[in-house]
Amino acid sequence: QGTLVESGGGSVQPGGSLRLACVASGLLFNRYRMGWYRQSPGKERELVAQIHEGGHTSYLDSVKGRFTISRDNAENTVYLQMNNLEPEDSGVYYCHAGWGFTAIWGQGTQVTVSS
């Protein structure tokens, strides 16, 4: 089974931007739908954005127009560009790869939005 490694988290002020990256290894990346989930303290993990093998994307309503998910199949990498960040966007962001019944998770990267 493959592995996912996230990077790009950090602390920013409201209105700031961050770009998360997730590099996959040990799997046929272009066969997987890729997603970014987040989990905040006391809340369930939620799907923030997803991109399918063919490039179709979907987003959580609260991030539409602010976040953009993309993938580079040549580099086995999925990105999440996050603009105009809000305190409610804070949490641990996890990369996810799914194919059939196979699900792979990254270790997570912390995003903190605070003034």
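The values are calculated or read from the model by the stated rules, or taken from the named source; none is laboratory data. Computed from a predicted structure; not experimentally measured. All Cβ positions, glycine included, derive from the backbone under ideal geometry; neighbour counts span all protein chains shown. Calculation scope for accessible area: heavy atoms of the full protein, side chains included, ligands and nucleic acids excluded. Shrake-Rupley method; radii C 1.70, N 1.55, O 1.52, S 1.80 Å.
Computed log10 I(q)/I(0) for the chain at 0.14, 0.22 Å⁻¹: -0.51, -1.23, from the Debye equation with unit scatterers placed on every C-alpha and solvent omitted.
Projecting label points 7 angstrom from Cα along Cα→Cβ for Leu60 and Glu44 puts them 1.3 nm apart. Model label sites at Gln107 and Asp72, defined 7 Å from Cα along the beta-carbon direction, differ in position by 2.2 nm. Solvent-accessible surface of the chain, averaged per residue with a 1.4 angstrom probe and all protein chains in place: 52 square angstrom. When every alpha-carbon pair in region 59-115 is counted, what percent end up more than 19 Å apart? Of the Cα pairs, 38 percent sit more than 19 Å apart. Given R0 = 35 Å, the distance between the Cβ atoms of Asn30 and Ser115 translates into a calculated FRET efficiency of 0.30. Using every pair of distinct Cα positions in region 1-57, the Kirkwood expression returns a hydrodynamic radius of 13.4 angstrom.
Of the heavy-atom accessible surface of the chain (probe 1.4 angstrom), what whole percent is carbon and sulfur? Write down the numbers at each step before the final one.
Numbers: 2820 of 5980 Å².
Of the solvent-accessible surface of the chain, carbon and sulfur hold 47 percent.
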